[in-house]
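Here is the structure we will look at.
The values are calculated or read from the model by the stated rules, or taken from the named source; none is laboratory data. Just so we're clear, the structure is a prediction, and the values are computed from it rather than from any experiment. Cβ coordinates were reconstructed from backbone atoms using ideal geometry, including for glycine residues, and neighbour counts include every protein chain displayed. In case anyone asks, the SASA skips ligands and DNA or RNA and just uses the protein heavy atoms, side chains included. Shrake-Rupley method; radii C 1.70, N 1.55, O 1.52, S 1.80 Å.
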Amino acid sequence: MLLPKIEALGTVWHIEVLDDSAGTAKLQTFTENFLESFEQKYSRFRSDSWLSILNQKKEFNSPDSEFVTLLNESLRYYEITDGVFNVAVGEKMERSGYDATYSFIKTENKTDEVPVLSDVLTVTSEQIILQEGKIDLGGIGKGFVIDSLTKYYQDTLGLQSFVINGGGDIYATHDNGSPITVTLTHPTNRELAIGTVELFNQGFAASSPYVRAWKDKNTNEEQNHLHTSNAIASYVVSDTVCDADVWATTLAIDPTQTPEGVKSLLLKDSKIIRADDIFNLNTRE
């Protein structure tokens with residue numbers, strides 16, 4: 001059962017349920033509402049979101065447990081990636097032109113340094129404090145919500161076999177006990193496939209400076225959402241989509257890192273520089 005596509009969180013979602021027990025209309029409505037609720041709370045592009053309130057007022061009182069967990073996970077990943085994964089990149093995103101209006105015009109600033117997350121963000125069950133900068137959850141939010149949706153499908157709805165694909169971030173269970181094959185898209189030519197990977201109750205994510213890239217409307221300078229000059233595309237498999245999402249971003253910026261429990265494929269200028277054996281590639285160089 002393939003649900004009608006859903007547009008949410010800035011991308012298109014494709015969800016396939018391989019169980020026979022789910023009602024299409026009910027599942028579609030629930031999923032749409034689930035994703036809309038998450039976007040309303042955590043989108044940097046919505047002025048009334050919880051995240052925007054935190055960014056504007058520098059504090060958020062009485063946060064719910066989800067908000068606390070999401071930011072604590074962001075702090076944890078900041079530490080284990082040696083500061084490469086940093087959700088305090090919001091102001092730099094805006095200054096580079098990747099703002100709420102998609103102006104794609106870089107604004108001058110004395111420094112492009114991103115604040116040390118552990119210095120500026122304090123999270124408790126009573127209050128969230130952001131001393132400076134702005135938070136952007138683009139590198140973790142989609143993975144986090146897919147894992148949350150997965151848990152609800154399994155624990156509440158009793159679904160066992162399904163695939164959730166949120167714009168290329170994927171969680172796949174299995175197809176009647178068999179792995180589910182995911183196609184690996186070429187980083188610069190979305191019409192080409194470079195190979196496949198089989199998922200079995202696993203998450204997948206990919207990242208590169210190519211997909212969300214633009215030229216400054218005033219200077220014609222090339223920009224990308226990762227703020228990196230590395231021409232690296234990463235493909236990551238892990239137990240959760242959140243983990244895969246974060247490490248895909250991190251490895252595209254710093255390919256020297258070697259996270260535990262993560263399988264990765266890294267391409268530099270379309271040349272393979274790392275390929276764990278779970279990736280079935282059309283060619284290996």
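Could you grab the pairs with beta carbons closer than 6 Å, sequence gap of 6+ or different chains, first residue in segment 108-123 and in a strand (DSSP E or B) and at pLDDT 80 or above, second one open to solvent by 60 Å² or more (accessible area, probe 1.4 Å) and not charged (D, E, K, R)?
Partner pairs satisfying both residue conditions: VAL123/ASN72.
Residue by residue, here is whether (1) closer than 21 Å to GLN154 by Cβ; (2) among the charged types (D, E, K, R); (3) out of contact with any helix residue (DSSP H, G or I) (no Cβ under 7 Å at 6 or more places or on another chain) holds:
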position	(1), (2), (3)
MET1	yes, no, no
LYS5	no, yes, yes
GLY10	no, no, yes
ASN33	yes, no, yes
ARG46	no, yes, no
LYS58	no, yes, yes
THR81	no, no, no
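Of all residues in segment 224-241, count the ones that are assigned to a loop (DSSP other than H, G, I, E, B), at pLDDT below 90 and over 13 Å from the mean Cα position of the chain (by Cα).
Going through segment 224-241 one residue at a time, the tally reaches 5.
Exactly one condition in (1) part of a helix (DSSP H, G or I); (2) at pLDDT below 95 is false for PRO209; which is it?
Of the numbered conditions (1) part of a helix (DSSP H, G or I); (2) at pLDDT below 95, the odd one out for PRO209 is (1).
Can you tell me which residues in segment 141-194 are buried (at least 21 other Cβ atoms within 10 Å of the Cβ) and aromatic (Phe, Trp, Tyr)?
Matches in segment 141-194: PHE144, TYR153, PHE162, TYR171.
Might you check whether a residue that is farther than 24 Å from GLU7 by Cα and either out of contact with any strand residue (DSSP E or B) (no Cβ under 8 Å at 6 or more places or on another chain) or modelled with pLDDT under 85 (or both) occurs anywhere in segment 177-197?
yes
Picking from ARG46, ARG76, which residue would you name as being under 21 Å from the mean Cα position of the chain (by Cα), within 23 Å of GLY143 (Cα to Cα) and modelled with pLDDT of 95 or more?
Exactly one of ARG46, ARG76 is under 21 Å from the mean Cα position of the chain (by Cα), within 23 Å of GLY143 (Cα to Cα) and modelled with pLDDT of 95 or more, namely ARG76.
Need a quick list: strands (runs of 3 or more DSSP E) entirely within segment 1-63 having at least 1 residues that are without any contact (Cβ under 8 Å) to a residue 12 or more places away in the chain and open to solvent by 20 Å² or more (accessible area, probe 1.4 Å).
It comes to 6-8.
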